[in-house]
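First up is the structure itself, then whatever we jot down about it.
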Amino acid sequence: MSKLLKEKLSSQIPGLREEAKSIVKNQGKKIIDQVTIDQLYGGMRGIKGLICDTSSVGLDTGLIIRGIPILELTDKLPEEVFFLLLTGELPDEKALKDLQTDLHKRNEVPSYVWDVLNAMPADSHPMVMFSSAILCMEKESEFRKLYDKGTGKEALWEAMFEDCMNIIARVPQIAAFIYRKKFGKGDMIPPDSKLDWAANFANMLGVEDKSGTFANLMRLYMVLHIDHEGGNASAFTNLVISSTLSDGYYSISGALNALAGPLHGLANQECLKFIVKMRNEIGHSPTDEEVKAYCKNLLDTGRVVSGYGHPVLRITDPRFTAFLEFGLKNMPEDETYKIVKQLFEIVPDLLVAQGKAKDPWPNVDAASGSLLYHYGIKEYDFYTVLFGISRVMGYSAQLIISRAMNAAIIRPKSVTTDWIKKQLTAAD
Ligand code: HAX
């Protein structure tokens, strides 16, 4: 067991519970937000309605994890950032080793998972396979067992911790299995306990990596995608499901289903698809003028430029910047990478000129696919699974903390259109 991580959490939880209780008791009726009708029709955009302490996303800062901007964490391992998400502190060497050893010990995937994946239709999307693999392990849930025993809610977080650690330990192998099976890459490559979590995943994918830079990309990829506060569609789904006291398997599988949408995690697949299509339709490495005309046509015909815009950010996503820098260092002459750079110079002005998108800047999905493509992962259907493996750490941190805080069942109020119309008449 990750003794040091769990000990740290156990020591923090009573204080956090006390703090929340006192805030609610003393300031519970203080107004912190108001809701407008356009927010109701606009996907509840920006309404402050959730607590999430793992990370926050500022309009003009991007992702901040426990007070640390994401660009200051790019040299860390995902395991270290997971520790940070949960506890607010980076682990020392001993605590990191303890966590890594524990993840290796938990990594055995039940054999029925392979049976389920093998039985699925060959044209199932990798995200369907990934989500199904996690859901079918629900019978392993320690949370459900503890709940069924009648354990009180104060202790349930420990079982959520067990569920999440088991899921985190197993997803690299499950995802690598899906990749190799679905795309005919050969037999499963077994895990290697000498490798860190992301390097082990890189190795199990079977991508040739003599220089070790692909493993570095996987470490960076997993850190950059790990969490994005609690209100994004998949994190919110995760919290809604677990707020009903559903266990970690139900919650994370459900969250991944939200991540699979093209306006959310699937955008990385869509973005690379768009770049390759543009390159092929133009027939050569495009000039700036050709890129401009191609994107303008997309906008003029009511389509979106994938990888641009964001519901919360109003700056170039720092995660995009980190990927761009990785590309500059490792593949500056790569054709696809160069198109990503061209788009960065051209698309924001086009979006501003169109005047619709509130954020004309690139998000994380605008660059990630080109780097994967360079290393030969050309099956873009798989890209959202990579996003998902990483985000499983963020979902997990949020699940463990929300259970530790005995978070209430999430139940906002909906209203009817008639109710809205009556409000408007009353206001006239
Ligand atoms: N290209 C064209 N039009 C865009 C656009 C883009 N990249 N981004 C926004 N717009 C349009 C919207 O479609 C909307 O048009 P309508 O008024 O006609 O409906 C208008 O600009 C206002 O939208 P917004 O308020 O700026 O953006 P939203 O908060 O509604 O949506 C999205 C944010 C990310 C969904 C949006 O910017 C988009 O569709 N981008 C392309 C897809 C994408 O990159 N998604 C990944 C986001 C990151 C993520 O979650 N990854 O998991």
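The values are calculated or read from the model by the stated rules, or taken from the named source; none is laboratory data. Note that the coordinates shown come from a computational prediction; the quantities given were computed from them, not determined experimentally. Positions of Cβ are generated from backbone atoms using ideal geometry, with glycine treated the same way; all protein chains shown enter the neighbour counts. We work out accessible area using only protein heavy atoms, side chains counted, and drop any ligands, DNA or RNA first. Shrake-Rupley method; radii C 1.70, N 1.55, O 1.52, S 1.80 Å.
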Lone unmet requirement of (1) surrounded by fewer than 20 Cβ atoms within 10 Å (Cβ to Cβ); (2) in contact with a helix residue (DSSP H, G or I) (Cβ under 7 Å, 6 or more places away or on another chain) for ASP75: (2)
Helices (runs of 4 or more DSSP H) enclosed by segment 277-386 - at least 2 residues per element that are away from the ligand (no atom under 14 Å from the Cβ) and touching a strand residue (DSSP E or B) at 6+ places or on another chain (Cβ under 9 Å): 318-330
Condition check for SER22: open to solvent by less than 80 Å² (accessible area, probe 1.4 Å), over 26 Å from THR237 (Cα atoms), among the polar types (S, T, N, Q) and at pLDDT 95 or above: yes
Residue list for segment 47-72, filter: within 14 Å of the ligand (Cβ to nearest atom) and open to solvent by 60 Å² or more (accessible area, probe 1.4 Å): LEU59
Output for segment 25-46, where each listed residue is open to solvent by less than 100 Å² (accessible area, probe 1.4 Å) and assigned to a helix (DSSP H, G or I): ILE37, GLN39, LEU40
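For (1) of a type outside the set (Val, Ile, Thr); (2) in a helix (DSSP H, G or I); (3) under 21 Å from the mean Cα position of the chain (by Cα), each residue gets a yes or a no:
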{"site": "ASP123", "(1), (2), (3)": "yes, no, no"}
{"site": "LYS139", "(1), (2), (3)": "yes, yes, no"}
{"site": "LYS145", "(1), (2), (3)": "yes, yes, no"}
{"site": "ARG170", "(1), (2), (3)": "yes, yes, yes"}
{"site": "GLN173", "(1), (2), (3)": "yes, yes, yes"}
{"site": "TYR179", "(1), (2), (3)": "yes, yes, yes"}
{"site": "MET188", "(1), (2), (3)": "yes, no, no"}
{"site": "LYS194", "(1), (2), (3)": "yes, no, no"}
Subset tally (residues that are open to solvent by less than 30 Å² (accessible area, probe 1.4 Å) and charged (D, E, K, R)) for segment 251-280: 0
Residue identified as free of Cβ contacts under 8 Å to residues at least 40 places away in the same chain and closer than 24 Å to ASP381 by Cα among GLY265, GLY327, GLY309, GLY283: GLY283
Every residue from segment 233-250 that is out of contact with any Cys (no Cβ under 9 Å at 6 or more places or on another chain), in contact (Cβ under 8 Å) with a residue 40 or more places away in the chain and crowded, with 19+ Cβ neighbours inside 10 Å: SER234, PHE236, ASN238, VAL240, SER242, ASP247, TYR250
Scope segment 147-168; condition more than 16 Å from ASN107 (Cα to Cα) and either part of a helix (DSSP H, G or I) or of a type in the set (Ser, Thr, Tyr) (or both); matching residues: TYR147, ASP148, THR151, LYS153, GLU154, ALA155, LEU156, TRP157, GLU158, ALA159, MET160
Residues located in segment 202-254, provided they are in a loop (DSSP other than H, G, I, E, B) and among the charged types (D, E, K, R): GLU208, ASP209, LYS210, ASP227, GLU229, ASP247
